[in-house]
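Shown next, in structure tokens, is the structure this report addresses.
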Amino acid sequence: MSAVLRVPSLLGVGFVWLYRLTFGALFPTTCKYHPSCSEYAVQAVRRHGLVRGSVLAGWRLLRCNPWSRGGFDPVR
Amino acid sequence: MMLFTIPILSQLETVMKHVLIWFHTSLHLPWAWAIVATTVVVRMLLVPLTVKQIHSMQNLQRYAPQMKELQKKYKHDRQKQNEELMKFYRENNINPAASCLPMLLQLPVFIALYYTLRSFESNFHVGPNADLSFLHFVPDISAHTTSFWGGYVLLFVYVASQMASSYFMMTTADKTQRILFMVMPLFFVFIIAHFPAGLVLYWVTTNLWTVGQGLITRRLVAKTPAPAPERRSSRTSPKPETAAAIQGDGAQPRQEKPVAAQKPRQVRRKKKRTSRR
């Protein structure tokens, strides 16, 4: 049962890896946060599930703009 | 996830299609130049983001020696190194230059262009005699880049422009990462060769824009803080950080004034002598 419940979050993690191997590699950027946005997304989805994790990751991406301060920002 | 993304992709494709058609019919631009124009518009919209990014990047260079020391100190523990670096940013009120959002905003454009060009003929109802060329060396922007000799020229320009743009937008002080970013385009050429030539054209345009923007902002912003810390780093590295920072401010004008004053005098004297003789 738990394995079935983990499928959506695994999909989310897979999606991040797909990004990392394609666009992440083609458009090299370094993130101003630690952990980086994609790492944050993986951790958020693993901890909070696909829906809440995706929202958290999306909010983090919006925060990762030139006006923000950046810094150490782990998933809570 | 896929169910969500597919409708978005087709919508992106329609938007891109209409933008390209508008450039082609209203401004009478050839298709290839419509792509260039679209790229320029996208980059113009992103200017406020990138300018801010470049400014904080130049600000960051002032702290390069201290950051290098931190990296040396935590050489073997990348996790710790990152955390300490972030702490250093916070303590010195630094805004790290890199951020994910500007890059991510360009992704939809790139994807839309890819899909639009993939089925170019059916998307734009262009006949077999339509002019899809670019500057005489690319005969067809919807064809694979390597299907004609001009494509190799385009790929060469891509590599050069990509290297130049990553040189200007380099946001890390980490040497290995810097080298990696510079070498990367050499490997990506093999992937990009399978893309339609129009997409490579987009890439080249956006890279050249980055280079131009980098050159202009470097000229507009006072040049003094950028090169000075590099000289200081080798001389004052054993001294404490605060002392180095104070010294740097004093050393800056000293180093530059003689250089600025000497050069024109020498030239003037030479000119006067030659004119008299």
Identity of the residue in the range B:174-215, among the aromatic types (Phe, Trp, Tyr) and over 30 Å from residue B:74 (Cβ atoms), that ends up surrounded by the fewest Cβ atoms within 10 Å (Cβ to Cβ): B:190
- prompt: In this structure, does residue A:9 turn out to be surrounded by 18 or more Cβ atoms within 10 Å (Cβ to Cβ) and either more than 10 Å from chain B (Cβ to nearest Cβ) or under 24 Å from residue B:82 (Cβ atoms) (or both)?
  reply: yes
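For every residue, the table says whether it meets (1) within 24 Å of the chain's Cα centre (by Cα); (2) modelled with pLDDT of 80 or more; (3) closer than 13 Å to residue B:109 by Cβ.
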residue	(1), (2), (3)
B:15	no, yes, yes
B:21	no, yes, no
B:34	yes, yes, no
B:40	yes, yes, yes
B:52	yes, yes, no
B:65	yes, yes, no
query: Here are B:117, B:132, B:113: which of them is under 30 Å from residue B:54 (Cα atoms), buried (at least 19 other Cβ atoms within 10 Å of the Cβ) and touching a strand residue (DSSP E or B) at 6+ places or on another chain (Cβ under 9 Å)?
result: B:113
query: Filtering the range A:18-62 down to residues that are surrounded by 19 or more Cβ atoms within 10 Å (Cβ to Cβ) and of a type in the set (D, E, K, R), which residue is farthest from the chain's Cα centre (by Cα)?
result: A:32
- line: For the range B:76-99, pairs from a residue that is touching a residue at least 60 places away in the same chain (Cβ under 8 Å) to a residue that is surrounded by 18 or more Cβ atoms within 10 Å (Cβ to Cβ) and in a helix (DSSP H, G or I), with Cβ under 6 Å and 6 or more apart or across chains, are B:96/B:89; B:97/B:53; B:97/B:56; B:97/B:57; B:97/B:60
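Scan B:70, B:49 and give me the residue that is closer than 30 Å to residue B:199 by Cβ and within 14 Å of chain A (Cβ to nearest Cβ).
Just a single option satisfies the conditions, and that option is B:49.
Considering the range B:142-191 alone, what residues qualify as being small (Gly, Ala, Ser) and in contact with a strand residue (DSSP E or B) (Cβ under 8 Å, 6 or more places away or on another chain)? Talk me through it step by step, then tell me what you get.
Restricting attention to the range B:142-191, the residues satisfying the condition of being small (Gly, Ala, Ser) are B:142-143, B:147, B:150-151, B:160-161, B:164-166, B:173.
The answer is B:142, B:143, B:150, B:151.
The values are calculated or read from the model by the stated rules, or taken from the named source; none is laboratory data. Note that the coordinates shown come from a computational prediction; the quantities given were computed from them, not determined experimentally. Don't worry about glycine lacking a Cβ; one is built from the backbone with ideal geometry, like all the others, and counts go over all protein chains shown.
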